[in-house]
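Chemist: The structure's right below; bear with me while I get my questions together.
The values are calculated or read from the model by the stated rules, or taken from the named source; none is laboratory data. What you see is a predicted model, and the numbers here were worked out from it, not measured in a lab. Glycine also receives a Cβ, built like all others from the backbone with ideal geometry; neighbour counts cover every protein chain displayed.
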Amino acid sequence: MIKILVVEDTASKAGKVAKLLDSITGCSYEIASDLVTARKFLQDHFNIMILDLHLPERFSEVAIESKGFDFVLEIRKTRRLKMPDHILGLTEHTEVHLKYKSIFDENLINLVQYDPGSISWESKIRTKIEELQQSSIGLPSVNTQRYDIAFVNALRSPELDAVLELDYQWQKKKIPNDSANYFEGKIELPSYGTLNVVATHLPQMGMVATATSTMKIIEHFRPKFVIMTGICGGVEGKVNLGDVVISDMSFDLESGKIVVDPEGKQGFEPDYRVIPINSSLKEAFIDLATDDKILARIKSNWKGNKISGELNLHVGPVGSGAAVISNKDYIENKIKHQRKLIAIDMESYAISYCCEYCTKPQPIPILIKSVSDYANPDKGDNMQKYCATMSAWTADYIIRNILTFD
(Lines give C-alpha, C1' and ligand atoms only; values in the text may rest on other atoms or scores of the structure.)
Protein backbone atom coordinates (compact mmCIF):
# COMPACT_ATOMS: atom_id res chain seq x y z
CA MET A 1 0.00 0.00 0.00
CA ILE A 2 1.41 3.39 -1.06
CA LYS A 3 0.79 6.07 1.59
CA ILE A 4 0.30 9.60 0.24
CA LEU A 5 0.04 12.95 2.02
CA VAL A 6 -1.65 15.78 0.11
CA VAL A 7 -0.83 19.26 1.44
CA GLU A 8 -3.30 21.61 -0.25
CA ASP A 9 -5.39 24.51 1.10
CA THR A 10 -7.71 25.01 -1.91
CA ALA A 11 -10.76 22.78 -1.50
CA SER A 12 -11.53 22.37 -5.21
CA LYS A 13 -7.95 21.42 -6.05
CA ALA A 14 -7.70 19.05 -3.08
CA GLY A 15 -10.95 17.45 -4.20
CA LYS A 16 -9.63 16.79 -7.71
CA VAL A 17 -6.42 15.27 -6.33
CA ALA A 18 -8.48 13.09 -3.96
CA LYS A 19 -10.68 11.94 -6.86
CA LEU A 20 -7.56 10.96 -8.81
CA LEU A 21 -6.12 9.01 -5.88
CA ASP A 22 -9.44 7.24 -5.32
CA SER A 23 -9.17 5.89 -8.87
CA ILE A 24 -5.74 4.32 -8.24
CA THR A 25 -5.72 0.95 -6.51
CA GLY A 26 -3.14 0.19 -3.85
CA CYS A 27 -2.81 3.64 -2.32
CA SER A 28 -4.21 5.49 0.68
CA TYR A 29 -4.04 9.20 1.40
CA GLU A 30 -4.48 11.96 3.95
CA ILE A 31 -5.16 15.64 3.23
CA ALA A 32 -3.66 18.54 5.20
CA SER A 33 -5.05 22.00 4.50
CA ASP A 34 -2.22 23.87 6.24
CA LEU A 35 1.35 23.37 7.46
CA VAL A 36 0.39 22.87 11.10
CA THR A 37 -1.72 19.86 10.11
CA ALA A 38 0.95 18.59 7.70
CA ARG A 39 3.52 18.53 10.51
CA LYS A 40 1.20 16.38 12.60
CA PHE A 41 0.78 13.90 9.74
CA LEU A 42 4.55 13.75 9.19
CA GLN A 43 5.01 12.23 12.62
CA ASP A 44 4.38 9.11 10.51
CA HIS A 45 6.01 7.98 7.30
CA PHE A 46 4.54 8.59 3.82
CA ASN A 47 5.76 7.26 0.49
CA ILE A 48 4.69 10.36 -1.45
CA MET A 49 3.86 13.94 -0.47
CA ILE A 50 1.93 16.01 -3.03
CA LEU A 51 2.71 19.58 -2.01
CA ASP A 52 1.16 22.88 -3.05
CA LEU A 53 3.57 25.83 -3.07
CA HIS A 54 1.11 28.53 -1.95
CA LEU A 55 0.33 27.46 1.62
CA PRO A 56 -0.77 29.04 4.90
CA GLU A 57 0.80 28.22 8.25
CA ARG A 58 -2.75 27.82 9.59
CA PHE A 59 -5.88 27.43 7.50
CA SER A 60 -7.31 30.78 8.64
CA GLU A 61 -4.17 32.65 7.55
CA VAL A 62 -3.05 33.97 4.16
CA ALA A 63 -1.22 31.53 1.87
CA ILE A 64 2.37 32.54 1.05
CA GLU A 65 4.15 31.56 -2.15
CA SER A 66 7.42 30.38 -0.57
CA LYS A 67 5.86 28.29 2.20
CA GLY A 68 5.79 25.05 0.22
CA PHE A 69 9.49 24.94 -0.60
CA ASP A 70 10.39 26.27 2.86
CA PHE A 71 8.48 23.31 4.28
CA VAL A 72 10.63 20.88 2.26
CA LEU A 73 13.77 22.45 3.74
CA GLU A 74 12.26 22.24 7.23
CA ILE A 75 11.56 18.52 6.85
CA ARG A 76 15.14 17.91 5.80
CA LYS A 77 16.58 19.75 8.79
CA THR A 78 14.53 18.37 11.67
CA ARG A 79 14.38 14.81 12.96
CA ARG A 80 10.89 15.30 14.34
CA LEU A 81 9.34 15.17 10.86
CA LYS A 82 9.72 12.10 8.67
CA MET A 83 10.90 12.81 5.14
CA PRO A 84 8.58 11.20 2.56
CA ASP A 85 10.23 8.91 0.02
CA HIS A 86 9.14 11.19 -2.84
CA ILE A 87 7.82 14.75 -3.07
CA LEU A 88 5.71 16.14 -5.92
CA GLY A 89 5.25 19.90 -6.05
CA LEU A 90 1.89 20.92 -7.52
CA THR A 91 1.12 24.54 -8.42
CA GLU A 92 -1.61 26.17 -10.49
CA HIS A 93 0.30 29.41 -10.99
CA THR A 94 2.43 29.54 -14.16
CA GLU A 95 4.74 32.24 -12.81
CA VAL A 96 5.37 30.22 -9.64
CA HIS A 97 6.04 27.09 -11.72
CA LEU A 98 8.64 28.98 -13.77
CA LYS A 99 10.21 30.53 -10.68
CA TYR A 100 10.63 27.31 -8.71
CA LYS A 101 11.13 24.71 -11.46
CA SER A 102 14.93 24.95 -11.50
CA ILE A 103 15.11 25.05 -7.69
CA PHE A 104 13.01 21.89 -7.42
CA ASP A 105 15.09 20.20 -10.14
CA GLU A 106 18.29 20.98 -8.22
CA ASN A 107 16.78 19.29 -5.17
CA LEU A 108 15.61 16.26 -7.21
CA ILE A 109 11.93 17.11 -6.63
CA ASN A 110 9.34 16.96 -9.40
CA LEU A 111 7.27 20.13 -9.88
CA VAL A 112 4.00 19.60 -11.73
CA GLN A 113 1.92 22.36 -13.35
CA TYR A 114 -1.71 22.00 -12.22
CA ASP A 115 -4.44 22.89 -14.72
CA PRO A 116 -8.06 22.03 -13.79
CA GLY A 117 -8.96 21.89 -17.49
CA SER A 118 -6.24 19.39 -18.39
CA ILE A 119 -5.42 15.79 -17.49
CA SER A 120 -1.66 16.23 -17.96
CA TRP A 121 -1.03 16.77 -14.25
CA GLU A 122 -3.16 13.71 -13.42
CA SER A 123 -1.09 11.55 -15.78
CA LYS A 124 2.17 12.66 -14.16
CA ILE A 125 0.96 11.88 -10.64
CA ARG A 126 -0.56 8.56 -11.70
CA THR A 127 2.68 7.57 -13.47
CA LYS A 128 4.76 8.39 -10.39
CA ILE A 129 2.53 6.29 -8.12
CA GLU A 130 2.50 3.34 -10.52
CA GLU A 131 6.29 3.49 -10.92
CA LEU A 132 6.66 3.38 -7.14
CA GLN A 133 4.24 0.47 -6.89
CA GLN A 134 6.15 -1.48 -9.54
CA SER A 135 9.55 -0.76 -8.01
CA SER A 136 8.43 -2.11 -4.63
CA ILE A 137 7.31 -5.50 -5.97
CA GLY A 138 9.66 -8.26 -4.83
CA LEU A 139 12.16 -5.85 -3.31
CA PRO A 140 13.07 -5.53 0.37
CA SER A 141 11.47 -2.58 2.09
CA VAL A 142 13.95 0.13 3.03
CA ASN A 143 12.79 2.06 6.06
CA THR A 144 13.43 5.74 5.37
CA GLN A 145 12.06 6.88 8.70
CA ARG A 146 14.48 8.57 11.04
CA TYR A 147 14.05 7.29 14.56
CA ASP A 148 15.23 9.10 17.65
CA ILE A 149 16.28 6.12 19.78
CA ALA A 150 17.15 2.48 19.16
CA PHE A 151 17.44 0.06 22.08
CA VAL A 152 19.67 -2.97 21.57
CA ASN A 153 19.46 -5.58 24.32
CA ALA A 154 21.48 -8.76 24.71
CA LEU A 155 18.70 -10.93 26.14
CA ARG A 156 14.98 -11.02 25.43
CA SER A 157 14.42 -11.78 29.11
CA PRO A 158 14.93 -9.95 31.36
CA GLU A 159 16.66 -7.12 29.45
CA LEU A 160 14.38 -6.37 26.49
CA ASP A 161 11.34 -7.23 28.62
CA ALA A 162 12.33 -4.43 31.02
CA VAL A 163 12.49 -1.96 28.12
CA LEU A 164 9.13 -3.13 26.76
CA GLU A 165 7.59 -2.43 30.18
CA LEU A 166 8.35 1.28 29.70
CA ASP A 167 5.23 3.23 28.72
CA TYR A 168 6.20 3.76 25.07
CA GLN A 169 3.09 2.37 23.31
CA TRP A 170 5.10 -0.57 21.95
CA GLN A 171 3.98 -2.53 18.90
CA LYS A 172 5.67 -5.34 17.00
CA LYS A 173 7.30 -4.35 13.72
CA LYS A 174 8.52 -6.67 10.98
CA ILE A 175 11.16 -5.77 8.41
CA PRO A 176 10.93 -7.83 5.19
CA ASN A 177 13.78 -10.33 4.75
CA ASP A 178 15.00 -9.78 8.32
CA SER A 179 14.29 -12.48 10.92
CA ALA A 180 15.00 -10.19 13.89
CA ASN A 181 12.23 -9.15 16.28
CA TYR A 182 11.65 -5.39 16.34
CA PHE A 183 9.31 -3.32 18.49
CA GLU A 184 8.51 0.32 17.76
CA GLY A 185 7.10 2.83 20.19
CA LYS A 186 6.55 6.51 20.86
CA ILE A 187 7.55 8.79 23.73
CA GLU A 188 5.64 12.01 24.29
CA LEU A 189 7.87 14.84 25.53
CA PRO A 190 6.36 18.29 26.23
CA SER A 191 9.50 20.06 25.00
CA TYR A 192 9.99 18.08 21.76
CA GLY A 193 6.75 16.38 20.83
CA THR A 194 6.76 12.74 19.80
CA LEU A 195 9.96 10.68 19.83
CA ASN A 196 10.10 7.52 17.71
CA VAL A 197 11.72 4.54 19.38
CA VAL A 198 12.64 1.03 18.24
CA ALA A 199 13.99 -1.93 20.20
CA THR A 200 15.45 -5.36 19.49
CA HIS A 201 17.43 -8.14 21.16
CA LEU A 202 20.36 -10.23 19.99
CA PRO A 203 19.92 -13.71 18.48
CA GLN A 204 22.69 -14.86 20.83
CA MET A 205 25.19 -13.33 23.23
CA GLY A 206 28.58 -12.01 22.16
CA MET A 207 30.20 -9.18 20.24
CA VAL A 208 29.69 -10.68 16.77
CA ALA A 209 25.93 -10.98 17.35
CA THR A 210 25.91 -7.49 18.90
CA ALA A 211 27.67 -5.94 15.92
CA THR A 212 25.34 -7.67 13.45
CA SER A 213 22.16 -6.58 15.24
CA THR A 214 23.43 -3.05 15.84
CA MET A 215 24.37 -2.47 12.20
CA LYS A 216 20.98 -3.77 11.08
CA ILE A 217 19.01 -1.53 13.42
CA ILE A 218 21.11 1.49 12.38
CA GLU A 219 20.59 0.84 8.66
CA HIS A 220 16.88 0.11 9.06
CA PHE A 221 15.95 2.99 11.38
CA ARG A 222 18.76 5.62 11.34
CA PRO A 223 18.44 6.51 15.06
CA LYS A 224 20.10 9.51 16.66
CA PHE A 225 20.96 7.47 19.77
CA VAL A 226 21.64 3.75 20.22
CA ILE A 227 21.08 2.72 23.83
CA MET A 228 22.01 -0.60 25.37
CA THR A 229 20.53 -1.46 28.75
CA GLY A 230 20.78 -4.66 30.74
CA ILE A 231 23.06 -6.51 33.12
CA CYS A 232 26.83 -6.68 33.53
CA GLY A 233 29.54 -7.97 35.82
CA GLY A 234 31.01 -5.42 38.21
CA VAL A 235 34.48 -5.02 39.67
CA GLU A 236 34.12 -5.88 43.35
CA GLY A 237 35.17 -3.03 45.61
CA LYS A 238 34.35 -0.38 43.00
CA VAL A 239 30.64 -1.02 42.53
CA ASN A 240 27.87 -2.73 44.48
CA LEU A 241 25.40 -5.30 43.25
CA GLY A 242 22.42 -3.49 41.74
CA ASP A 243 24.36 -0.31 40.96
CA VAL A 244 23.92 1.27 37.54
CA VAL A 245 27.02 1.67 35.38
CA ILE A 246 27.35 4.03 32.40
CA SER A 247 30.37 3.47 30.19
CA ASP A 248 32.51 6.55 29.56
CA MET A 249 34.81 4.46 27.38
CA SER A 250 34.55 0.95 26.01
CA PHE A 251 37.21 -1.44 24.76
CA ASP A 252 37.80 -5.07 23.77
CA LEU A 253 39.29 -7.01 26.68
CA GLU A 254 40.85 -9.53 24.26
CA SER A 255 42.54 -7.01 21.96
CA GLY A 256 46.28 -7.59 22.06
CA LYS A 257 48.97 -10.21 21.47
CA ILE A 258 49.74 -13.55 23.09
CA VAL A 259 53.47 -13.68 23.85
CA VAL A 260 55.93 -16.22 25.26
CA ASP A 261 58.79 -15.08 27.51
CA PRO A 262 62.34 -16.55 27.36
CA GLU A 263 61.36 -19.15 29.95
CA GLY A 264 58.50 -20.39 27.80
CA LYS A 265 55.77 -18.87 29.95
CA GLN A 266 52.79 -17.61 27.98
CA GLY A 267 51.51 -14.09 28.56
CA PHE A 268 49.27 -11.45 27.07
CA GLU A 269 50.18 -7.95 25.91
CA PRO A 270 47.01 -5.84 25.66
CA ASP A 271 46.50 -3.35 22.86
CA TYR A 272 43.24 -1.71 23.84
CA ARG A 273 41.57 0.53 21.27
CA VAL A 274 39.37 2.70 23.48
CA ILE A 275 36.19 4.38 22.19
CA PRO A 276 35.13 7.25 24.49
CA ILE A 277 31.62 8.51 25.10
CA ASN A 278 30.39 11.91 23.91
CA SER A 279 32.08 14.42 26.27
CA SER A 280 28.98 16.55 26.90
CA LEU A 281 26.93 13.50 27.79
CA LYS A 282 29.68 12.26 30.09
CA GLU A 283 29.49 15.44 32.17
CA ALA A 284 25.70 15.18 32.35
CA PHE A 285 25.94 11.55 33.49
CA ILE A 286 28.51 12.45 36.15
CA ASP A 287 26.11 15.11 37.45
CA LEU A 288 23.31 12.53 37.54
CA ALA A 289 25.55 10.16 39.51
CA THR A 290 25.77 12.76 42.31
CA ASP A 291 22.02 13.35 42.53
CA ASP A 292 20.92 10.98 45.28
CA LYS A 293 17.31 12.22 45.19
CA ILE A 294 16.79 11.34 41.53
CA LEU A 295 18.42 7.93 41.93
CA ALA A 296 16.28 7.24 44.99
CA ARG A 297 13.18 8.22 43.03
CA ILE A 298 14.13 5.84 40.22
CA LYS A 299 14.54 2.94 42.65
CA SER A 300 11.38 3.79 44.61
CA ASN A 301 9.17 2.50 41.79
CA TRP A 302 10.56 -1.05 42.17
CA LYS A 303 7.85 -3.41 43.44
CA GLY A 304 9.71 -6.73 43.22
CA ASN A 305 11.82 -8.56 45.78
CA LYS A 306 13.36 -6.21 48.34
CA ILE A 307 16.84 -4.96 47.42
CA SER A 308 18.80 -3.42 50.28
CA GLY A 309 20.97 -0.35 49.92
CA GLU A 310 20.73 2.78 47.81
CA LEU A 311 20.82 2.89 44.04
CA ASN A 312 24.20 4.25 42.97
CA LEU A 313 25.33 5.30 39.50
CA HIS A 314 28.94 5.04 38.32
CA VAL A 315 30.51 6.48 35.16
CA GLY A 316 33.68 4.72 34.05
CA PRO A 317 35.41 2.28 31.67
CA VAL A 318 33.58 -0.90 30.67
CA GLY A 319 35.48 -3.73 28.98
CA SER A 320 33.85 -6.27 26.67
CA GLY A 321 34.90 -9.89 26.21
CA ALA A 322 33.88 -12.84 24.08
CA ALA A 323 32.72 -15.06 26.95
CA VAL A 324 30.84 -14.94 30.23
CA ILE A 325 33.45 -14.30 32.93
CA SER A 326 33.35 -16.15 36.25
CA ASN A 327 37.01 -15.89 37.20
CA LYS A 328 38.28 -13.39 39.77
CA ASP A 329 41.91 -13.75 38.62
CA TYR A 330 40.89 -12.78 35.07
CA ILE A 331 39.38 -9.52 36.34
CA GLU A 332 42.39 -8.70 38.49
CA ASN A 333 44.67 -9.24 35.50
CA LYS A 334 42.63 -6.84 33.36
CA ILE A 335 42.65 -4.20 36.10
CA LYS A 336 46.46 -4.20 35.90
CA HIS A 337 46.15 -2.83 32.37
CA GLN A 338 43.06 -0.64 32.90
CA ARG A 339 43.07 0.35 36.56
CA LYS A 340 39.84 2.40 36.33
CA LEU A 341 37.82 -0.54 34.97
CA ILE A 342 34.46 -0.75 36.78
CA ALA A 343 32.50 -3.39 34.83
CA ILE A 344 32.63 -5.99 32.07
CA ASP A 345 30.09 -7.32 29.59
CA MET A 346 29.96 -8.98 26.16
CA GLU A 347 28.44 -6.19 24.07
CA SER A 348 29.34 -2.57 24.85
CA TYR A 349 32.46 -2.28 22.70
CA ALA A 350 30.62 -3.72 19.68
CA ILE A 351 27.84 -1.12 20.07
CA SER A 352 30.37 1.73 20.26
CA TYR A 353 32.37 0.39 17.32
CA CYS A 354 29.32 0.08 15.07
CA CYS A 355 28.15 3.60 15.91
CA GLU A 356 31.58 5.01 15.11
CA TYR A 357 32.11 3.18 11.82
CA CYS A 358 28.62 2.85 10.32
CA THR A 359 27.47 4.97 7.39
CA LYS A 360 26.46 8.56 8.11
CA PRO A 361 24.58 9.96 9.94
CA GLN A 362 26.27 8.13 12.79
CA PRO A 363 24.27 7.62 16.00
CA ILE A 364 25.55 8.33 19.50
CA PRO A 365 25.98 5.21 21.67
CA ILE A 366 24.87 5.21 25.31
CA LEU A 367 25.70 2.11 27.35
CA ILE A 368 23.73 1.72 30.59
CA LYS A 369 24.09 -1.51 32.56
CA SER A 370 23.39 -2.64 36.10
CA VAL A 371 25.68 -4.90 38.13
CA SER A 372 24.09 -8.33 38.65
CA ASP A 373 27.28 -10.15 39.74
CA TYR A 374 31.01 -9.71 40.33
CA ALA A 375 32.16 -11.90 37.41
CA ASN A 376 33.18 -14.68 39.78
CA PRO A 377 31.98 -18.26 40.44
CA ASP A 378 29.29 -16.98 42.83
CA LYS A 379 27.04 -15.89 39.94
CA GLY A 380 23.30 -16.12 40.47
CA ASP A 381 20.17 -15.03 38.64
CA ASN A 382 18.36 -13.47 41.61
CA MET A 383 19.48 -9.92 40.73
CA GLN A 384 18.95 -9.99 36.98
CA LYS A 385 15.35 -8.73 36.75
CA TYR A 386 16.01 -5.93 39.21
CA CYS A 387 19.19 -4.89 37.40
CA ALA A 388 17.57 -4.99 33.96
CA THR A 389 14.76 -2.81 35.31
CA MET A 390 17.07 -0.27 36.99
CA SER A 391 19.10 0.17 33.80
CA ALA A 392 15.91 0.60 31.72
CA TRP A 393 14.43 3.12 34.18
CA THR A 394 17.71 5.06 34.25
CA ALA A 395 17.68 5.16 30.45
CA ASP A 396 14.11 6.46 30.53
CA TYR A 397 15.12 9.27 32.90
CA ILE A 398 18.06 10.18 30.66
CA ILE A 399 15.86 10.25 27.55
CA ARG A 400 13.30 12.51 29.19
CA ASN A 401 15.66 14.86 31.01
CA ILE A 402 19.15 14.88 29.48
CA LEU A 403 19.16 14.01 25.77
CA THR A 404 18.33 16.58 23.09
CA PHE A 405 16.67 15.73 19.77
CA ASP A 406 16.71 18.83 17.54
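Chemist: Checking the conditions here, which among Ile298, Ile331 is outside any loop (DSSP other than H, G, I, E, B), surrounded by 12 or more Cβ atoms within 10 Å (Cβ to Cβ) and modelled with pLDDT under 85?
Modeler: Details: Ile298 fails: modelled with pLDDT under 85.
Selected residue: Ile331, the only one of Ile298, Ile331 that is outside any loop (DSSP other than H, G, I, E, B), surrounded by 12 or more Cβ atoms within 10 Å (Cβ to Cβ) and modelled with pLDDT under 85.
Chemist: Take residues that are touching a Leu at 6+ places or on another chain (Cβ under 9 Å) and under 30 Å from Pro361 (Cβ atoms) and tell me which of the helices (runs of 4 or more DSSP H) falling wholly in the stretch 5-103 contain 2 or more.
Modeler: Working: elements: 11-22, 35-41, 67-77.
Passing ranges, in order: 35-41, 67-77.
Chemist: Any residue that is charged (D, E, K, R) and closer than 19 Å to Thr404 by Cβ - is there at least one of those in the stretch 150-158? Steps first, answer last, please.
Modeler: Going through the stretch 150-158, the residues charged (D, E, K, R) turn out to be 156.
Checking which are closer than 19 Å to Thr404 by Cβ leaves us with none.
No: zero hits.
Chemist: Pairs under 6 Å by beta carbon, first residue outside any helix (DSSP H, G or I) in the stretch 277-295, partner hydrophobic (A, V, I, L, M, F, W, C) and modelled with pLDDT of 95 or more, six or more apart or different chains?
Modeler: Correct list of pairs: Asn278/Ile364.
Chemist: Suppose we keep only residues that are farther than 14 Å from Leu51 by Cα and not polar (S, T, N, Q) within the stretch 109-121. Which one would you say is farthest from the chain's Cα centre (by Cα)?
Modeler: Filtering the stretch 109-121 for residues that are farther than 14 Å from Leu51 by Cα and not polar (S, T, N, Q), the one farthest from the chain's Cα centre (by Cα) comes out as Gly117.
Chemist: Now for a separate question. Scanning the stretch 190-203 for residues that are assigned to a strand (DSSP E or B) and hydroxyl-bearing (Ser, Thr, Tyr), which turns out surrounded by the fewest Cβ atoms within 10 Å (Cβ to Cβ)? So that I can check it myself, show each step before the final result.
Modeler: First pass over the stretch 190-203, keeping only residues assigned to a strand (DSSP E or B): 193-201.
Remaining after also requiring hydroxyl-bearing (Ser, Thr, Tyr): 194, 200.
Details: Thr194: 15, Thr200: 25.
Looking at residues that are assigned to a strand (DSSP E or B) and hydroxyl-bearing (Ser, Thr, Tyr), I get Thr194.
Chemist: Could you grab me the full set of residues in the stretch 186-219 that are of a type in the set (Asp, Glu) and more than 25 Å from Tyr357 (Cβ to Cβ)? Spell out the reasoning first.
Modeler: Of the residues in the stretch 186-219, the ones of a type in the set (Asp, Glu) are 188, 219.
Listed by number, the list holds a single entry, Glu188.
Chemist: Of all residues in the stretch 301-314 being in a loop (DSSP other than H, G, I, E, B) and among the hydrophobic types (A, V, I, L, M, F, W, C), which is surrounded by the most Cβ atoms within 10 Å (Cβ to Cβ)? Write out each step before concluding.
Modeler: The initial filter retains those residues of the stretch 301-314 that are in a loop (DSSP other than H, G, I, E, B), namely 301-312.
Narrowing the set further to residues that are among the hydrophobic types (A, V, I, L, M, F, W, C) leaves 302, 307, 311.
Working: Trp302: 16, Ile307: 16, Leu311: 23.
Checking each candidate, the answer is Leu311.
Chemist: If you check Leu311, Leu241, Leu253, Leu281, which single one turns out to be in contact with a Leu (Cβ under 7 Å, 6 or more places away or on another chain) and either at pLDDT 90 or above or farther than 30 Å from Leu81 by Cβ (or both)? Before the answer, list the steps.
Modeler: Details: Leu241 fails: in contact with a Leu (Cβ under 7 Å, 6 or more places away or on another chain); Leu253 fails: in contact with a Leu (Cβ under 7 Å, 6 or more places away or on another chain); Leu281 fails: in contact with a Leu (Cβ under 7 Å, 6 or more places away or on another chain).
After ruling out the rest, the residue left standing is Leu311.
Chemist: Then there is this: From the list Asp34, Asp85, Asp115, which one is closer than 22 Å to Glu131 by Cα and among the charged types (D, E, K, R)?
Modeler: On the way: Asp34 fails: closer than 22 Å to Glu131 by Cα; Asp115 fails: closer than 22 Å to Glu131 by Cα.
Only one candidate passes the filter, namely Asp85.
Chemist: In the stretch 113-138, which residue that is aliphatic (A, V, I, L, M) and modelled with pLDDT of 85 or more is farthest from Ala14 (Cα to Cα)? Before you say what the answer is, go through the steps one by one.
Modeler: From the stretch 113-138, those aliphatic (A, V, I, L, M) are 119, 125, 129, 132, 137; that's our starting set.
With the extra rule that they be modelled with pLDDT of 85 or more, the set shrinks to 119, 125, 129.
Details: Ile119: 15, Ile125: 14, Ile129: 17 Å.
This residue is Ile129.
Chemist: Okay, next question. Specify which of the listed residues (Val6, Val62, Val36) is within 30 Å of Phe225 (Cα to Cα) and out of contact with any Cys (no Cβ under 8 Å at 6 or more places or on another chain).
Modeler: On the way: Val6 fails: within 30 Å of Phe225 (Cα to Cα); Val62 fails: within 30 Å of Phe225 (Cα to Cα).
The conditions single out Val36.
Chemist: Taking only the stretch 48-62 into account, find how many residues are at pLDDT 90 or above and under 22 Å from Thr127 (Cβ atoms).
Modeler: Matching residues across the stretch 48-62 total 5.
Chemist: Output the qualifying pairs, or none if there are none: Cβ atoms under 8 angstrom, residues six or more apart or on different chains, first residue in the stretch 259-275 and outside the structural domain of Pro365 (by TED's automatic domain parsing), second residue modelled with pLDDT under 80 and surrounded by 10 or more Cβ atoms within 10 Å (Cβ to Cβ).
Modeler: none
Chemist: Same structure again: Taking the stretch 253-306 on its own, how many of its residues are closer than 21 Å to Ala162 by Cα and among the basic types (Lys, Arg)?
Modeler: 4
Chemist: Quick one: which of Ile175, Ile187, Ile217, Ile231 is assigned to a loop (DSSP other than H, G, I, E, B), in contact with a Ser or Thr (Cβ under 8 Å, 6 or more places away or on another chain) and either crowded, with 17+ Cβ neighbours inside 10 Å or modelled with pLDDT under 95 (or both)?
Modeler: Numbers: Ile187 fails: assigned to a loop (DSSP other than H, G, I, E, B); Ile217 fails: assigned to a loop (DSSP other than H, G, I, E, B); Ile231 fails: assigned to a loop (DSSP other than H, G, I, E, B).
Sole residue among the options that is assigned to a loop (DSSP other than H, G, I, E, B), in contact with a Ser or Thr (Cβ under 8 Å, 6 or more places away or on another chain) and either crowded, with 17+ Cβ neighbours inside 10 Å or modelled with pLDDT under 95 (or both): Ile175.
Chemist: Further question: Here are Lys82, Lys19: which of them is of a type in the set (Lys, Arg) and over 25 Å from Leu189 (Cβ atoms)?
Modeler: Lys19
Chemist: I would also like to ask the following. Give the residue, chosen from Ile48, Ile24, that is surrounded by 20 or more Cβ atoms within 10 Å (Cβ to Cβ), within 30 Å of Lys173 (Cα to Cα) and not assigned by TED's automatic domain parsing to the domain that holds Thr194.
Modeler: Values: Ile24 fails: surrounded by 20 or more Cβ atoms within 10 Å (Cβ to Cβ).
Step by step, each of Ile48, Ile24 is checked, and only Ile48 is surrounded by 20 or more Cβ atoms within 10 Å (Cβ to Cβ), within 30 Å of Lys173 (Cα to Cα) and not assigned by TED's automatic domain parsing to the domain that holds Thr194.
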